[in-house]
Amino acid sequence: MFEEMFDTYCGLKCSTCEFKEKHNCGGCIASGGKPFHGKCEVAECAISKNKRFCGECENFPCEILNNYSFDKEHGDNGKRIEHCKTLKAEMIKRARQGINPIGICGHHCDYCFLGQWCGGCRSGYNGCSFGTLFENNICPNVKCAKENNLNGCYECEKVETCKIGYYGKDNEFVAKATALFIKKHGEECYSKTLKQAINAGNNYPKTFDETGSIDGALKILEEYLK
């Protein structure tokens, strides 16, 4: 999936590279990270991290990639980095087509700051940073919901007292608050109400978490119920 969109790790386009035919280069991905000039630090890094290309790395754009892209002799003044961004944006766009933007836990993907890098836990291109903390990169909330055949945590009768995953964190309250809101008012109402709250100047999720409690975060949403 998506592999047809790129042929290098760094974002350089093999198809337009002047050295490809001149040096009979197979390309860094096709050659397993061994292009015509030999060792490639960028390719080795991507392979060691099991990344299909640099745009998928949590450290993008890193010092290694920046050094290559802005090298005075062989660099492209950041063009490959911008191409990586374009590729990732298109991949996210494709992954999210027709997908429910409300996450399993209650977080809303349309307003998540990770939206530019993550297709959401319901998509085939999940890049949730919280999920990466666990085995097989699966968020505990997602795992539990699937095991119990639930569309979301908000369908669970135990959601109010649940401490699984996001709900067990002592400094984040918005996920549990949104789940409780959805349980009471439904997904459609949640999406509309959250949008109104954000349009009114509330930062999501920062403002909600800064209330210091689930009730506080929930109260913000309820203020915009119409």
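Every number here is computed from the coordinates shown, using simple stated rules; none is lab data. Since the model is a prediction, treat every value here as computed from it, not as a measurement. Every residue, glycine among them, receives a Cβ derived from its backbone with ideal geometry; neighbour counts consider all protein chains shown.
Some observations on this one:
- Rel. contact order, % - alpha carbon contacts under 8 angstrom, at least six apart, the stretch 3-96: 27 percent
- The stretch 155-226, relative contact order [Cα under 8 Å, separation at least 6], %: 35 percent
- Straight-distance crosslink candidates among aspartates and glutamates, where the alpha carbon sits under 14 Å from Lys13 and sequence neighbours closer than 8 are dropped: Glu3, Glu4, Glu21, Asp76, Glu82
- Tensor-based shape of the stretch 1-91 (alpha-carbon gyration tensor, a/c under 1.5 rounded, otherwise prolate or oblate): rounded
- Spatial separation of Cα centroids for the stretch 26-96 and the stretch 163-198, in angstrom: 36 Å
- Converting the Cα gyration tensor eigenvalues of the stretch 64-174 into ellipsoid dimensions via √(5λ) gives semi-axes, longest first, of 35, 15, 11 Å.
- Zone of Gln116's modelled label, taken as backbone nitrogen in the stretch 60-100 under 13 Å from a point 7 Å along Cα→Cβ: 60-61, 82-90
- Per residue, the chain reaches -10500 deg cm²/dmol at 222 nm when only DSSP H runs of four or more residues are counted, each adding -39500 (n - 2.57).
- Pairs spanning more than 18 Å between alpha-carbon atoms, out of Lys49/Lys143; Lys34/Lys85; Lys195/Lys226: Lys49/Lys143; Lys34/Lys85.
- By the count of other C-beta atoms within 10 Å, a proxy for reagent exposure, Cys112, Cys139 are ordered fewest to most as Cys112, Cys139.
- Counted residue by residue at 0.36 nm each, then reduced by the alpha carbon distance between them, the extension gain from Glu188 to Lys34 reaches 50.4 nm.
- Using the Cβ-Cβ distance between Phe19 and Thr132 with R0 = 41 Å, the FRET efficiency computed as 1/(1 + (r/R0)^6) comes to roughly 0.70.
- FRET efficiency estimate (nearest 0.05) - Cβ-Cβ, Glu63 to Lys195, R0 41 angstrom: 0.60
- Residues Glu90, Glu135, sorted so that the one with the fewest Cβ neighbours within 10 Å comes first: Glu135, Glu90
- The structure-derived value of Cα Rg over 2.2 N^0.38 Å appears in the list [x] 1.62; [y] 1.23; [z] 0.95 under the label [y].
- Sites Asn203 and Met5 - FRET efficiency at Förster radius 45 Å, r taken between beta-carbons, to 0.05: 0.85
- Dividing the C-alpha radius of gyration of the stretch 109-223 by 2.2 N^0.38 Å, with N its residue count, gives 1.03.
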